[in-house]
Amino acid sequence: MKKINIAIDGPSGVGKSSISNRLANRNHMIHLDTGAMYRCVALASLRNQISLENEKALLDLLDSINISFDKEKVFLNGEDVTLAIKENNISNFTSKVATLPIVREKMVALQQKATSAKNFIVDGRDIGTTVLPNAEVKIFLTASAKARAERRYNEYLEKGIESDYETIYQDIVARDYQDSHRKISPLKKAEDAIEIDTSDLSIDEVEEVVQDMIDKAL
Ligand code: DC
């Protein structure tokens, strides 16, 4: 069977992780959630009280942490941090941490090494442009900030988590701005990526569109 890599980029809350998980299971591929990697760096630097201005301390931290995945769980130095890295304060801090060149350099190198044997579905912001410019399938998922905020709000509602729609919406807008205006590897569609606007599509419909592209590439 031909081995390929798939790059899935797009803004926060567009459903990259869910789609990537489904497609990885369906096609016997491995899902690499690069956002989770940046989130782990943010969590580790907060816990170790490392100032983002202190490059030396940050480099030491980057050399000392181990990020691993097992099914849908994320481990930081062996500890299950799947839920901890999704906290709202970590999401906001990660967006800052992800602007730092030394952090991006290290993460991109790890991601390229991990996926060199192919058979990966990698989701993030700079996968099609920087991490895997030669990926066989490149997708750029979009959805209006309103559609994404509504989805997140309904998700919280279903889980019984109290939340405020306006705060969720403003957080999404702020993170979009930060992710697409940073100097290095901003959120950007690769020229050869296929853009899918998911605002009015269900997750099943998005999955089928991407699956068709995978089938063609295989
Ligand atoms: O995909 P996510 O929401 O878990 O990403 C968390 C943060 O990390 C978000 O602010 C964007 C950043 N990120 C990035 O800069 N590059 C990536 N490849 C993945 C995520």
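When residues of segment 69-107 are filtered for being of a type in the set (A, V, I, L, M), assigned to a helix (DSSP H, G or I), free of Cβ contacts under 8 Å to residues at least 60 places away in the same chain and within 12 Å of the ligand (Cβ to nearest atom), how many remain?
Step one: of segment 69-107, the residues of a type in the set (A, V, I, L, M) are 74, 76, 81, 83-85, 90, 97-98, 100, 102-103, 107.
Imposing the further condition that a residue be assigned to a helix (DSSP H, G or I) reduces the set to 84-85, 90, 97, 102-103, 107.
Pick out the ones that are also free of Cβ contacts under 8 Å to residues at least 60 places away in the same chain and you get 84-85, 90, 97, 102.
Filter once more, keeping what is within 12 Å of the ligand (Cβ to nearest atom): 85, 90, 97.
Total satisfying the criteria: 3.
The single condition among (1) among the β-branched types (Val, Ile, Thr); (2) out of contact with any Ser or Thr (no Cβ under 9 Å at 6 or more places or on another chain); (3) crowded, with 19+ Cβ neighbours inside 10 Å that Ile102 does not meet is (3).
Go through Leu52, Leu46 for me and flag whichever is assigned to a helix (DSSP H, G or I), within 16 Å of the ligand (Cβ to nearest atom), touching a residue at least 12 places away in the same chain (Cβ under 8 Å) and surrounded by fewer than 19 Cβ atoms within 10 Å (Cβ to Cβ).
Unique residue meeting the criteria: Leu46.
Would you point out the residue of segment 159-170, among those that are touching a helix residue (DSSP H, G or I) at 6+ places or on another chain (Cβ under 8 Å), not β-branched (Val, Ile, Thr) and not in a loop (DSSP other than H, G, I, E, B), that is nearest to Leu141 (Cα to Cα)? Once the filter is applied, the top-ranked residue is Tyr169.
In the set (1) more than 26 Å from Ile168 (Cβ to Cβ); (2) in contact with a strand residue (DSSP E or B) (Cβ under 7 Å, 6 or more places away or on another chain); (3) of a type in the set (S, T, N, Q), Thr82 fails one condition alone, (1).
Restricting segment 1-47 to residues that are among the hydroxyl-bearing types (Ser, Thr, Tyr) and under 19 Å from Lys188 (Cα atoms) leaves a set whose member that is modelled with the lowest pLDDT is Ser12. The one condition from (1) more than 18 Å from the chain's Cα centre (by Cα); (2) surrounded by 13 or more Cβ atoms within 10 Å (Cβ to Cβ); (3) at pLDDT 90 or above that Glu166 does not meet is (2). Restricting to segment 171-218, name every residue that is of a type outside the set (A, V, I, L, M, F, W, C), surrounded by fewer than 14 Cβ atoms within 10 Å (Cβ to Cβ), modelled with pLDDT under 95 and outside any loop (DSSP other than H, G, I, E, B). Across segment 171-218, the qualifying residues are Tyr177, Ser180, His181.
Filtered by the rule that a residue be surrounded by 19 or more Cβ atoms within 10 Å (Cβ to Cβ), away from the ligand (no atom under 12 Å from the Cβ) and not in a loop (DSSP other than H, G, I, E, B), segment 108-137 gives Phe120, Ile121, Val137. Filtered by the rule that a residue be free of Cβ contacts under 8 Å to residues at least 24 places away in the same chain and either within 13 Å of the chain's Cα centre (by Cα) or at positive phi (or both), segment 109-147 gives no residues.
The values are calculated or read from the model by the stated rules, or taken from the named source; none is laboratory data. If you're wondering where the values come from, they're calculated on a predicted model, not measured in any experiment. A quick note on method: Cβ atoms are made from the backbone with ideal geometry, for glycine too, and the neighbour counts reach across all protein chains shown.
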